[in-house]
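Peer 1: Mind looking over this structure? Questions follow.
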Amino acid sequence: VLVKIRCTRVNMFAVRAVRRQVLGAGACRFGTRAFSAPQVQLAGCTMSGSSVGLEFNDGRKLEIPAVYLRDSCRCPECFHPSTLQRRVSVLNQPGITEVEEARVQDGALSVIWKGGHHTELDAQWLLRNTRRQEQPVTSWTAPWMHDNLDRITFGFQDVINDPSVCEAWLQAFKTYGFGRLRGANLQVGELNRLSEAVSIPMRTTIYGEGGQMTFQVQSKPDPNNQAYTADFLGLHTDLPFYAAPPGAQLLHFIRKDEVGGASLFSDGMAAADELRSIDPEAWKLLTTVPVVFEDIDPSENPKYHLEASHPVLELDPATEKCRAVHFNNGVRSAILGVTDPEVISAHYRATALLDKLLNSDKFLFKMDALPGDVWVFNNRRVLHGREAMSVTSPRMLEGCYFEWDDIHSKLRLLSKRH
């Protein structure tokens, strides 16, 4: 593994801290000198029924089913060299998964299959693909964010120009679901420039301006969304009336208010964990009862009527932990997701309790943005809002959405540089 980080004038502390968290404190020494880590190799292998036991020279051990090893053969006959896709199926050829011989050869696994086919897989490939290591998600409170926001703040131009800074920004964003970019030009189009530079496409929604992928947030006559008024905007997640709401949101401040309009944020997953500990019944209601959300075009010739239902707190079935928050009082439909009066009343009380937690001093983070700042937040985790402002406020933002599939794709590509 080779790691080399070019010095940058913006937030190298954050770059180093995020890299250290991802790679481990002893993985490398940061600076301008490359550092080569010891090479992990396969030290031994044994057959155990229909599995192959592996032992590596760093002490790690794995037991892998033979069917997986045969399915993973990367020879040109089994794996197309240009499409990088599988050419052979083990699903309808069970005989090809019988091992004739397995041995270690030059630090890699060598398997001879019944019929004579040969598979070789090196130690790095085996470790990388059989032990998925997800970066942990870290919850935060308002006091923590006040103290640490600068650590997850990155230069807009540096993210565009330096892959090391881009990687550190995206890793921090994945961990905390929140971040800030500074120094964007004070004009429409900067989010397009960022999207193109980092190869993360924008998601299309009904709010694009004139067919564009971005939307502009400012006080407008006859608004079709509460964000386009000068009113107080309570904490919410965007677009829950889509079956798959956008994964990430970016808001670029081009002009700001002299008074009012401060940005509000709250970590919904942290508040959900708190709710679970203090009122398990309320938490259960919010994780099981469906809520209908809808958005209706108010114009005389409407172009959309979107509707979807979600529980307020969506759980990961594998971990039983909250993986998404769907909370938006403005677009919560009058359509009932359930009909039991007691459940409906209890659900209102549970939602009110969650709302109280989200807006408490512990979780509600308030901050004024400066022109050129870009807030970046996980729309399925971090709720956002704003304080009221003057009806004649010059405040103007440009916004867009990214999807997590594309963010993760970019992170994988960046990590391959090491």
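Peer 1: How many of the residues in the stretch 316-358 are within 20 Å of the chain's Cα centre (by Cα) and open to solvent by 40 Å² or more (accessible area, probe 1.4 Å)?
Peer 2: 7
Peer 1: Need pairs with beta-carbon distance below 6 Å; first residue under 16 Å from Ala271 (Cα atoms) and within the stretch 338-355, second modelled with pLDDT of 95 or more and open to solvent by less than 60 Å² (accessible area, probe 1.4 Å); sequence gap 6+ or separate chains.
Peer 2: Hits for this filter: Ala350/Ala282; Ala350/Leu285; Ala350/Leu286; Leu353/Ala282; Leu354/Leu275.
Peer 1: Continuing with this model, one more query. Within the stretch 212-260, considering only strands (runs of 3 or more DSSP E) that don't extend past its boundaries, which have at least 3 residues that are closer than 18 Å to Met202 by Cβ and at pLDDT 70 or above?
Peer 2: Filter on the stretch 212-260 gives 215-217, 248-255.
Peer 1: How do the pairs read when you match residues in the stretch 187-216 that are open to solvent by 30 Å² or more (accessible area, probe 1.4 Å) with residues anywhere that are in a loop (DSSP other than H, G, I, E, B) and among the basic types (Lys, Arg), using Cβ under 8 Å and keeping only pairs 6 or more apart or on different chains?
Peer 2: From residues that are open to solvent by 30 Å² or more (accessible area, probe 1.4 Å), the pairs are Ile206/Lys303; Met213/Arg203.
Peer 1: Sticking with this structure for a sec: Being of a type in the set (Ser, Thr, Tyr), closer than 23 Å to Leu336 by Cα and not in a helix (DSSP H, G or I) is the filter; apply it to the stretch 268-315 and report the residue that is most open to solvent (accessible area, probe 1.4 Å).
Peer 2: In this case the residue turns out to be Ser309.
Peer 1: Whether any residue in the stretch 406-418 is hydroxyl-bearing (Ser, Thr, Tyr), outside any loop (DSSP other than H, G, I, E, B) and modelled with pLDDT under 95 is what I want to check.
Peer 2: Yes, that holds for at least one residue.
Peer 1: Can I ask one more? Can you list the strands (runs of 3 or more DSSP E) found entirely within the stretch 62-152 that contain at least 2 residues being of a type outside the set (A, V, I, L, M, F, W, C), surrounded by 14 or more Cβ atoms within 10 Å (Cβ to Cβ) and modelled with pLDDT of 95 or more?
Peer 2: Counting at least 2 such residues, we get 118-122.
Peer 1: Here is a follow-up. Would you tally the residues in the stretch 316-329 being part of a helix (DSSP H, G or I) and at pLDDT below 95?
Peer 2: 0
Peer 1: Tell me which residues, restricted to the stretch 160-184, are small (Gly, Ala, Ser) and closer than 22 Å to Trp140 by Cβ.
Peer 2: Ala168, Ala172, Gly177, Gly179
The values are calculated or read from the model by the stated rules, or taken from the named source; none is laboratory data. Only a predicted model underlies this, so the values are computations on that prediction, with no experimental measurement involved. Virtual Cβ from ideal backbone geometry, glycine too; neighbours counted across all protein chains shown. These accessible areas exclude ligands, DNA and RNA; they are computed on the full protein's heavy atoms, side chains included. Shrake-Rupley method; radii C 1.70, N 1.55, O 1.52, S 1.80 Å.
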